[in-house]
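Everything below concerns the one structure shown next.
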Amino acid sequence: MCLGVPGKVVAIDGNCATVDFWGVRRQVLLDVVDEPVAVGDYVLNHVGYAIRRIPESEIGETLALFEELLAQGDAADLMAGDVRGEIAGTGAAPDGDS
Amino acid sequence: MATPDPLAAFRELKFRDPVRARGLVDTVHRLVREIGRDRVSLMHVCGSHEQAIAKYGLRAGLPPALKVIMGPGCPVCVTDAREVDEGVALARQGVHIATYGDMVRVPGTWMSLADAQVDGAKIHVIYSAGQAVELAERLQEPVVFFATGFETTAVATAAIILKGLPPNLSILSAHKYIPPAMDVVAATPGIAVEGFLAAGHAATITGWGVFEPFVGRHRLPVVVAGFEPLDILAGLVRLLELVRDGTPHVANMYPRCVTKSGNLRAQEALWEVFEPAGGRWRGIADVPGGNLALRDRFASVDARKRLTIDVSSLPRRAAPILAESCICGSIMAGIRSPTDCPLFGGACTPDHPVGACMVSTEGTCRIWHQYGGYPDLGGIG
Amino acid sequence: MSGGIDERIGLKHGAGGRAMRALIEQVCVAGLGGGAASSGIGLAAMDDGAAIPLGNRWLVVTTDSHVVKPIFFPGGDIGRLAVAGTVNDLAVMGATEAAVLTCAAIIEEGFPRADLERVYASLRRACEEAGAAIVTGDTKVMGRGEIDGIVLNTAGVGFCDRPVPDAGLAPGDVLIVTGTVGDHGMAIMAARHALSLEGDLRSDVAPVNGLVRAALAAGGAGIVAMKDPTRGGLSSALHEMAGKSRVAIVIDEAAIPVRPEVRAAADLLGIDPLVMACEGKVAIGVRPEAAEGVLAAIRAHPLGRDAARVGRCIDAHAGAVILDTGFGRRILAEPEGEPLPRIC
C-alpha cells in the first residue's frame with residue numbers, strides 16, 4: 001500500500017489529473033479532494049486519489065513551525081544554539097558536515 | 001540557486017534535512033530531561049510512522065528514557081483471521097481476488113491468499129482502488145476487491161463504489177477505523193502511554209477535531225504528525241512539550257495537510273458508503289465501531305451479501321501450533337515489543353510468518369525485522 | 001534458524017532473496033552432493049560463476065536463464081539482458097576478455113517471428129558491444145500455454161589470471177558502486193501496465209566487462225571482491241559479500257547514486273531502490289589504498305560516470321549491512337525477494 005505522497009498537477013482532464021512526482025508522473029483522481037484543483041497545484045495522493053490540495057503557503061509555514069520549536073531551546077542550551085547558527089549560516093542548502 | 005518548485009526543494013532540503021533533524025533531536029533530549037522521569041512512553045498508531053521511524057533510524061538518536069511504541073496501526077495486521085478466511089474461501093471458489101499487496105501473505109485460520117495462489121487461485125495485487133475496476137472490466141469474470149486499510153484508504157473504495165462498479169465486481173470490506181482503537185488502547189489497564197502521535201494522512205481525511213473527545217475522555221495529549229523525518233521529530237517535540245506541561249489537548253503539526261474539520265468531501269463519500277461496525281481486531285479482541293462495513297443500501301456490491309462465501313470448505317491444514325506463542329495482540333496493543341516474542345526472528349520471520357505483525361509491511365514485527373529492530377547502532381563505525 | 005523449504009516452490013524462490021538462497025543451498029547444492037570443488041570456486045561457493053584452475057590460468061563458467069516480462073522494455077529486451085547478464089557474471093569473477101557464450105531458446109507456439117528476429121538482433125548487438133560471441137545454442141518450441149512467450153538460457157565461458165570472488169572483503173575495505181542503482185528493477189515495474197507510471201524509467205542493462213577491465217587494471221590485487229547486483233539489488237549483493245567475507249558493511253545512504261526518476265517512483269510505490277535490480281552495475285570491494293585509483297578509472301569509463309564510494313567494512317556484526325541514513329542508523333535487512341517476479 002502506498003504512503004500519501006505529494007506531487008504537482010501538470011494536466012487535468014475532467015476528474016483525472018496527471019501529477020508529477022519529480023521524475024515520474026501518474027494519473028490521480030480528483031473525486032474526493034477537498035478543494036478545486038488547478039494545474040500547478042500540489043496534491044497529496046493516496047492509492048490513486050488526491051486527498052488534499054496542499055496550499056503553497058503552508059509549505060513556508062511548516063518550516064516556520066520547525067524553526068519555532070528549535071528557537072524554544074534554552075539560551076543556555078549550547079547545542080541548540082550551535083544548530084541554529086548552522087542553519088542560519090548554511091542558508092538554503094544545508095549540507096551534511098564532517 | 002532559486003528553484004521554481006518550492007515543494008520539491010522543500011522536500012529535498014528541508015523535510016529531510018539532517019541539520020534541522022539534529023536540532024530537533026537535541027530538543028527531544030532536553031524535554032525528556034525536563035520531564036525528569038526514567039521512562040516516558042509515547043504511542044503512535046500508524047504503520048507508515050513506524051516505517052519512517054525505522055527507515056531513517058530515528059530511534060538510534062533518541063534518549064533511552066523515551067519509548068516510542070507502535071500501537072495497532074497496521075490495518076492488515078488487525079484484520080481478523082476469519083476475514084482473511086472469507087477472502088481465501090472466495091479465491092478457492094474460483095473468484096478473482098484483487099487486493100493490496102500486504103494482504104496476500106497474511107495467514108488466515110489455516111492459510112493465506114498466497115497459499116491459495118500456489119494451489120491455483122487467481123490473486124491480483126493492485127496499487128489503487130481504480131485498478132480493481134479496470135481488472136473487472138478486463139476480465140469479465142467475477143472479481144472481489146478485498147479492500148483493506150484504514151479510513152484514508154476506505155475513501156478510495158467509497159469513491160469507486162459511488163461512481164458505479166461493473167456488474168461483476170463486489171467489495172469484501174476489511175477496512176478499519178482507527179479512533180475507536182485508540183480508545184480501547186488508552187482504556188487498557190497497565191498501559192503507561194502518556195501521549196499519542198496521530199496518523200497524519202488519516203487526519204487529512206477526518207480532521208484533527210475527531211481527537212478532541214478522546215483527549216477529553218482520557219486526558220492524554222494527541223499530536224497529529226506527518227511522515228518526513230522532520231515531521232516526526234517535530235511531532236515528538238510538541239508531544240513531549242504537552243506531556244511536560246501536563247496539558248492534554250490536540251496539536252496539529254501537519255498543517256500543510258491537516259485541518260480541524262478535515263476533507264469534508266472525502267468524509268461525505270466515506271460515510272455515505274460505510275458505517276462503523278463492531279468487529280474483532282486480530283489480537284485486540286473487540287473494538288466497538290472499529291470496522292467499516294458497507295451500508296445496507298450497497299448490499300448489491302457487498303461480497304458478503306451477494307456471494308456465498310463457504311469458509312467451511314477450507315482445508316483444515318496443519319494446526320497452527322506456533323500460534324499459541326504468538327503475542328501479536330500484545331504487540332499491536334503496544335504492551336510488548338517484537339523482541340519480547342519467543343518466535344521473533346526464529347520461527348517467525350517474513351518468510352515464515354506466524355502472526356500478522358510479521359506479514360504486513362506496516363506490521364511492527366515485520367518492520368523491526370526488516371530494519372533491524374532496536375539494536376543500539378550509535379557506537380558503530 | 002528459520003524453518004526449511006515449503007512443500008511447493010513459490011514465486012519467492014526465484015526472486016533473488018533469502019528464500020531463493022535457501023532453496024539453492026538445501027535442494028540444489030545439497031542434492032548435487034554438496035559441490036565441494038577439489039580446487040577453485042565451485043558450486044558450494046554459490047558465487048556468480050565457477051572458476052576452475054586450468055594450467056596457469058583459470059577457466060570461468062557461468063549460466064543464467066532469462067524469463068523477464070515484458071520481453072521488450074525501456075532500455076532493452078530479453079536478448080540484451082541475456083548477453084549482458086552472462087558477460088557481467090564472468091566479468092565480476094575476473095574474466096573480462098572476449099567471452100564465448102551459448103544461447104538456448106525455448107519458444108512458445110504462436111510467438112511472432114518478427115519478435116524473435118528482434119531478440120536475435122539484440123543478442124548480436126550486445127555481443128558486439130561486449131566483444132563476445134554466441135557460438136552454439138539450442139532451440140525448442142513448446143505448446144501454446146506450456147511456456148510463457150520465450151525463455152532464454154545462456155552459458156558463458158571465459159579465462160582470467162586471478163578469479164575475484166565475492167567473499168574477499170576485510171575490515172577497512174571500501175565499497176564502490178559503479179553507477180546508479182535500481183534502474184532495471186524500476187523500469188520493469190513501470191513497464192507493467194498495473195502501475196501506470198509515466199516517466200523516463202529505463203533499464204541500465206549493458207555489458208560492463210570493459211568497465212571492470214579498467215577497474216582491475218587500475219586496482220590489481222587491491223580489488224578483493226566484486227558482485228553484480230541483479231535480483232535483490234545492491235542490498236542482496238552487499239549482504240552476500242558481507243556474509244561470505246564475515247565482515248559488516250557500513251553504507252552512507254546519501255552517497256548511493258540513484259536517478260531522480262527512480263527515487264520518485266520508489267517513493268510512490270513504497271519500495272527501496274536498494275532492493276531493485278541493476279543490470280549494468282557492479283559492487284566492488286577495494287583495499288583502502290587502491291580506492292581512489294579504482295574510482296577514477298571507473299569514472300573515466302562511459303558506463304561508470306556516476307560511480308561512488310558508498311561504504312566501508314568493519315570488524316563487528318559479521319554479515320550485517322548497516323545504513324547510515326543521515327538521521328540515524330539502522331540495519332539494512334536482506335530482501336526476502338523482489339516485490340515483483342520476472343524481473344530478469
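Things worth noting here:
- In summary, the aspartates and glutamates within cross-link reach of B:Lys67, defined as a Cα separation below 14 angstrom excluding same-chain residues under 8 places away, comprise B:Asp38, B:Glu50, B:Glu194, B:Asp376.
- Computed 3J(HN,Hα) for the stretch B:136-153, one whole-Hz value per residue from the Karplus formula 6.51 cos²θ - 1.76 cosθ + 1.60 where θ = phi - 60°, is 4, 5, 6, 7, 6, 10, x, 10, 10, 8, 7, 8, 10, x, 7, 4, 4, 7, glycine and proline marked x.
- DSSP bridge pairs, chain B: antiparallel proportion in percent, nearest 5: 20 percent
- Part-to-part distance (alpha-carbon centres) for the stretch C:130-207 and the stretch A:16-47, which is given in Å: 35 Å
- Rounded Å value of the spacing that divides the Cα centres of the stretch C:278-322 and the stretch B:256-334: 48 Å
- Panel values: the stretch B:205-355, Kirkwood radius from alpha carbon pairs, Stokes-Einstein at 25 °C and 0.890 mPa s, translational diffusion coefficient 126 µm²/s.
- Spin-label pair C:Met142-C:Arg305: with each label point 7 Å from Cα along the Cα-Cβ axis, the two points sit 4.1 nm from one another.
- Residue by residue, the stretch B:32-43 carries 3J(HN,Hα) couplings of 5, 4, 5, 5, x, 10, 5, 8, 10, 10, 10, 10 Hz when phi is fed to the Karplus relation 6.51 cos²θ - 1.76 cosθ + 1.60 (θ = phi - 60°); x denotes Gly or Pro.
- Report summary: the helix-based calculation at 222 nm, which adds -39500 (n - 2.57) for every DSSP H run with n ≥ 4 and divides by the residues of chain C, gives -8500 deg cm²/dmol.
- Per residue accessible area in Å² of chain C, where ligands, DNA and RNA are left out and the probe is 1.4 Å: 39 Å²
- Apportionment of accessible area to carbon and sulfur, the stretch C:33-151, percent (1.4 Å): 55 percent
- Dimensions (Å) - chain C, Cα atoms, principal axes, largest first: 55, 53, 46
- Share of Cα-Cα pairs in the protein assembly as shown lying beyond 47 Å, as whole percent: 21 percent
- For chain B, pairs of C-alpha atoms spaced more than 32 angstrom apart make up 35 percent of the total.
- Inter-label distance for C:Arg57 and A:Cys16, nm, one decimal - labels placed 7 Å from Cα along Cα-to-Cβ: 5.8 nm
- For C:Val141, the residues 5 or more places off, or on other chains, whose built amide H falls under 5 Å of its own are C:Ile107.
- Estimated vicinal HN-Hα couplings, Hz - the stretch C:239-256 in sequence order (Karplus 6.51, -1.76, 1.60; Gly, Pro = x): 4, 5, 5, 5, x, 6, 8, 6, 10, 10, 10, 9, 10, 8, 4, 5, 7, 6
- Lysines with Cα under 18 Å of C:Lys227, excluding same-chain neighbours fewer than 8 positions away: C:Lys244, C:Lys281
- Cα-based Rg of the stretch C:1-116 normalised by 2.2 N^0.38 Å, two decimals: 1.27
- Among beta bridges that DSSP assigns inside the stretch A:1-70, antiparallel share in %, nearest 5: 95 percent
- 25 Å Cα-Cα reach of C:Lys140 towards lysines, excluding residues that sit fewer than 8 places from it in its own chain: C:Lys69
- Distant-in-sequence amide H partners of B:Leu292 (H built 1.01 Å from N, under 5 Å): B:His175, B:Lys176, B:Tyr177, B:Ala277
- Alpha-carbon gyration tensor eigenvalues x 5, square-rooted, for the stretch C:35-184, Å: 30, 18, 15
- Calculated FRET efficiency for the pair B:Gln93/B:Lys163, C-beta based, R₀ 22 Å, to 0.05: 0.25
- Under-5 Å amide H pairs with C:Phe159, H placed in peptide plane, nonlocal only: C:Val60, C:Glu97
- For the pair A and B, total buried accessible area rounded to nearest 100 Å², probe 1.4 Å: 4600 Å²
- Charged neighbours of C:Ala105, selected by a Cβ distance under 10 Å, balance to 0 (K, R count +1; D, E count -1).
- Using a cut-off of 32 Å between Cα atoms, the listed pairs B:Lys305/C:Lys12; A:Lys8/B:Lys55; B:Lys55/B:Lys176; B:Lys176/B:Lys260 include B:Lys305/C:Lys12 as exceeding that distance.
The values are calculated or read from the model by the stated rules, or taken from the named source; none is laboratory data. Since the structure is predicted, the reported quantities are computational estimates derived from the model, not experimental observations. Counting neighbours? That spans all protein chains shown, and the Cβs are built from the backbone with ideal geometry, glycine included. Just the protein is used for accessible areas: all its heavy atoms, side chains included, with ligands, DNA and RNA removed. Shrake-Rupley method; radii C 1.70, N 1.55, O 1.52, S 1.80 Å.
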